[in-house]
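*Asks:* Take this structure, written in C-alpha cells, and hold onto it; I'll ask about it next.
The values are calculated or read from the model by the stated rules, or taken from the named source; none is laboratory data. Source: prediction; values computed, not measured. Positions of Cβ are generated from backbone atoms using ideal geometry, with glycine treated the same way; all protein chains shown enter the neighbour counts. To get the accessible areas, we keep the full protein, side chains included, count just its heavy atoms, and leave off ligands, DNA and RNA. Shrake-Rupley method; radii C 1.70, N 1.55, O 1.52, S 1.80 Å.
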Amino acid sequence: MMDGLNAAALPSSNPDNALMAPLPVPVLGLDPDGVVDLSNDHALSLMGLESLIGRNIGELAWDVDGDPATLPAPGRIEWSVRDDRGWRILDGQVGARDDGGRLVVLREITRERLASELLEDRKDVMEALGTGRPLDEVLERIAELVRYGIPGALCAILAYDETGDELRVRAAPGLDSGEQEQLRSGRPVPGWTLVPIHSSLGSNLGLLALRIGPDELNGTSDEVVQAAVQLSGSAITARRADAALHQAQKLESLGLLAGGIAHDFNNLLTSALGNLELLHDQVGVASPLYTYLSRVERSTRKAAELTRQLLTYSGRNESIPRRVDVGRLLEETRSLLEGTVANSVQVSLEVNPRVPTVLADEAQLQQVVMNLALNAAEAIGGSPGHVVLALRSTALDAEAIERSFSGQALSPGTFVEVEVRDDGCGMDAKTIGRIFDPFFTTKFTGRGLGLAATAGVIRALRGGIWIRSDLGEGSTFRVLLPAASQPADRSPVAKPEVPLFGEGRVLVVDDEQDVRQLVATVLGASGFDVVQAADGKDAVETYQRQGPFELIVMDLTMPRMGGGEALDRIRDIDPDVPCLLAGGYPEGEAPQGDHNTRFIQKPFRLSRLKSSIAALLGGREE
C-alpha cells in the first residue's frame, strides 16, 4: 500500500501528468529505463527542480543507480539528493508498474535521520568520555561527524587551556600546520567560520572552526554545527571536571596522609620536647650539657615545624584568623626578601591601596607570599631578573570561577588578588601539574613543603590559585582570597606566663606512655596527685572506681575509645569536672564544650600546658 495509491492501476505513461497533480504527496513515475515520466508539483518542490520529466533517476539520487529493477517493489528505499539547500535524505515507498517501471511516493526525512544520528553520536561521545578516552580523541570524533554531516566541509575544534587565555588546537582532521596556527589566534581567518563553544554557565571553552562552500550553507548544516558545538562543550566541560576531580582527590588523599603522619609525629614530639624542657631546668645554663641539649631542642623544634607544615598542607593547621591588611603584609614581605634573594633579582610592588582586608592567619598568609616569592626568585637563578608582588581586588562570577578556578572552593563574590610573577625559566605543563605535591621539586637541593603548604593554606581559607607559565617565559601565580568588609585588626598583645600551683587529684589520659608520664611529672611537680589511664575506656572505668577528680587532661585520639566519647561518659558521672583535651590536630576539630573544657594542640611547651590548666581551673581566658 502506498497511502491509498494503487500503482498497478496507473497507465505506463501520461505526458501531461494531470493524473499526478491532485495527489497531496510527492510522486515520481519511472519507466523501465529509469527515466522519470510522471511527477507532480510536490515532487518538484521536494527535489528543488523546475522539471523532472526525462531525467534519469541516477542523475537525481547519488546513491541510487539508474536501473529501476534495483528498486524493490513493493518496498522502501532511501536516497540522498542535493540542490541549493544542500544534501537531503528522502524516503520512498516503491510500487511496481505494469511496464516494469516503478512508482515512488516520496517524503523528506533529513531532520529525523539527522536527529537520530546525532543522538547516536552523542551517545558515542559520552560513552567515550565515560571510558576515559583522551579529549583530543573525542573531539577528533566530533570533527569527523561534522565532515560526515556536511560533505566537503573542513572542521577544527580548539579549546582554551587551563588558564582560559590560550587556544590550543585539539582536533583538526585534514588541516596543515599553517592553517592550525592561523586558527589558534582566535581572530577571523578568511574562508573560515568561527563558532564559540560555551559551557552551560556561559564561559568560553573554545571555538569550532568550519570551512564550508557557499552551496553547503543551509538549515541542515546549521543543525550539524550546533550539535557539534554542544557535544564539544559537553566533552571539554566533562574533561575539565574530571581533571579538577582528580586533582581534588589527589590533594585530599595526600592531605589525609600528611595529617595522619603529622598527628603521630606530634605525639612523639610532645614527649621529646617536654622532656628536653625538664632537662634544661635540671642542668642549668652553666652545665656543659646545656649546649648539647639546646642543639637537640632546636632540631626537635624544626621537626615540630615540619609537622605544622604537614597539617597546613592538609588544611588542618591551627590558625588564628584576623582581618589582615594585605598591602602592609606585602611591604613587609618585600623587606624580608631583599635580604634573602640574590642582588641580581629586583623585587617590586604593585599595590592598589584601596584593596579590602582578608580574614586569615597573618603568619600563614605571609608564609604563602614568601613561598611563592622565593620560588619566583629561584626560577630566575643567578641571572638578572624581576619579581613583582601585585595586589588588587577583583570580582568573580560563576562563569569566571569555572573558567579559571574549576574544582577549587571559590564562591562568586569579591576577592583580594595577590599576584606573584617573575621573568625566570618558567615551567612546562607536567611540572605545573605536580608543583603542589609534597616534597616535589625541580631543584637538585630542593626539599620541604613550601608550595604544598601554600596550597593547603589557600584551601583552608576557601581561596583559589591560578598558574600561568611556559618554558623560558617566566611564571605568574594568582592567589584569590575572599575579601573581608572590616578594617585590619590590631596585633595581639603577648600575655605573661601564668604559674601553676594546685592540689587535689588529676586524671591524665593518653595512649602514648611517654606523653602520659611527662604530663604526670609536670603536674606532680605543681602539687597535684596524678592518676594515669592508658585510653578512653580505661579513663571511664578509672573515674567510676576512683572519682571524682579535680581535673582531667586527656588525649583526643586513642584506641578503643577516643577522648571525646570518654569525656561524654565521664560527664554523665560528673557533669562539672574540668577537662583539658589535647591532640595533634587543631582546635577546630576538637569537640565543642562549655567553659569547663579547653583544648591544647600537640606538641606544646610545658609553659603553655601550665597556663592552660591554670586558666581552666581559674575559670578565665587563657
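*Asks:* Do we have Leu310 as modelled with pLDDT under 75, assigned to a helix (DSSP H, G or I) and under 17 Å from Asn371 (Cβ atoms) here?
*Replies:* Yes: the conditions hold for Leu310.
Yes/no per residue for (1) over 23 Å from Thr414 (Cα atoms); (2) at pLDDT below 85:
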| residue | (1), (2) |
| --- | --- |
| Pro321 | no, yes |
| Gly327 | no, no |
| Asn343 | yes, yes |
| Ser348 | yes, no |
| Ala360 | no, yes |
| Asn371 | yes, yes |
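*Asks:* Here is a further query. Contact list please: Cβ distance under 8 Å, first residue in the range 602-615 and closer than 15 Å to Gly502 by Cβ, second residue in a helix (DSSP H, G or I) and open to solvent by 10 Å² or more (accessible area, probe 1.4 Å), pairs at least six apart or on different chains.
*Replies:* Sorted first by the residue in the range 602-615, then by its partner, the pairs are Leu606/Glu277; Leu606/Leu278.
*Asks:* Could you grab me the full set of residues in the range 395-427 that are assigned to a loop (DSSP other than H, G, I, E, B), at pLDDT 85 or above and either open to solvent by less than 20 Å² (accessible area, probe 1.4 Å) or among the β-branched types (Val, Ile, Thr) (or both)?
*Replies:* Within the range 395-427, Gly424, Gly426 meet the criteria.
*Asks:* Can you name the condition, by its number, that His386 falls short on among (1) at pLDDT below 85; (2) open to solvent by 40 Å² or more (accessible area, probe 1.4 Å); (3) farther than 30 Å from His198 by Cα; (4) outside any helix (DSSP H, G or I)?
*Replies:* Condition not satisfied by His386: (1).
*Asks:* Oh, and also: Among the residues in the range 9-25, are any open to solvent by less than 40 Å² (accessible area, probe 1.4 Å), at pLDDT 75 or above and within 57 Å of the chain's Cα centre (by Cα)?
*Replies:* No, every residue in the range 9-25 fails to be open to solvent by less than 40 Å² (accessible area, probe 1.4 Å), at pLDDT 75 or above and within 57 Å of the chain's Cα centre (by Cα).
*Asks:* Output yes when any residue across the range 215-232 is open to solvent by less than 40 Å² (accessible area, probe 1.4 Å), polar (S, T, N, Q) and either at pLDDT 80 or above or closer than 30 Å to Phe604 by Cα (or both), and no when none is.
*Replies:* Looking through the range 215-232, at least one residue is open to solvent by less than 40 Å² (accessible area, probe 1.4 Å), polar (S, T, N, Q) and either at pLDDT 80 or above or closer than 30 Å to Phe604 by Cα (or both).
*Asks:* Considering only the range 576-622, state which residues are modelled with pLDDT of 85 or more, in a loop (DSSP other than H, G, I, E, B) and open to solvent by 30 Å² or more (accessible area, probe 1.4 Å).
*Replies:* Asp576
*Asks:* Take the range 539-567 and flag every residue that is open to solvent by 10 Å² or more (accessible area, probe 1.4 Å), of a type in the set (Asp, Glu) and closer than 21 Å to Ile613 by Cβ.
*Replies:* Across the range 539-567, the qualifying residue is only Glu550.
*Asks:* Restricting attention to the range 410-420, which residues are over 11 Å from Ile465 (Cβ atoms) and under 18 Å from the mean Cα position of the chain (by Cα)?
*Replies:* Those that are over 11 Å from Ile465 (Cβ atoms) and under 18 Å from the mean Cα position of the chain (by Cα): Ser411, Pro412.
*Asks:* Could you check the range 387-422 and list, in sequence order, the residues that are β-branched (Val, Ile, Thr) and over 24 Å from Leu451 (Cα atoms)?
*Replies:* Listed by number, the list holds a single entry, Thr414.
*Asks:* Let me ask something additional. Would it be correct to say that Ser45 is part of a helix (DSSP H, G or I), over 18 Å from Arg97 (Cβ atoms), modelled with pLDDT of 80 or more and hydroxyl-bearing (Ser, Thr, Tyr)?
*Replies:* Taking the combined requirement at face value, the residue satisfies it.
*Asks:* Tell me, which residue of the range 522-554 that is touching a residue at least 60 places away in the same chain (Cβ under 8 Å) and part of a helix (DSSP H, G or I) is farthest from Glu565 (Cα to Cα)?
*Replies:* In the first step, residues of the range 522-554 are kept if they are touching a residue at least 60 places away in the same chain (Cβ under 8 Å); the result is 522-523, 526, 550-551, 553.
Now narrow it down to the ones that are part of a helix (DSSP H, G or I): 522-523.
On the way: Val522: 26, Leu523: 24 Å.
Here the answer is Val522.
*Asks:* Out of the residues in the range 186-202 that are modelled with pLDDT of 75 or more and within 16 Å of Tyr160 (Cα to Cα), which is most open to solvent (accessible area, probe 1.4 Å)?
*Replies:* Of the residues in the range 186-202, the ones modelled with pLDDT of 75 or more are 187-199.
The next check asks that each one be within 16 Å of Tyr160 (Cα to Cα); those that pass are 187, 194-199.
Numbers: Arg187: 153, Leu194: 50, Val195: 27, Pro196: 60, Ile197: 0, His198: 94, Ser199: 13 Å².
By that ranking, first place goes to Arg187.
*Asks:* Okay, next question. From Leu374, Leu391, Leu349, which residue is open to solvent by less than 20 Å² (accessible area, probe 1.4 Å) and either over 14 Å from Trp466 (Cβ atoms) or in a loop (DSSP other than H, G, I, E, B) (or both)?
*Replies:* Checking each option against the conditions leaves just Leu391.
*Asks:* Let me ask something additional. Restricting attention to the range 264-293, which residues are open to solvent by 20 Å² or more (accessible area, probe 1.4 Å), in contact (Cβ under 8 Å) with a residue 12 or more places away in the chain and farther than 17 Å from Ala525 by Cα?
*Replies:* Within the range 264-293, Asp264, Phe265, Leu268, Ala272, Leu293 meet the criteria.
*Asks:* Which one of these is farther than 19 Å from Gly474 by Cα and acidic (Asp, Glu): Glu378, Glu338?
*Replies:* Glu338
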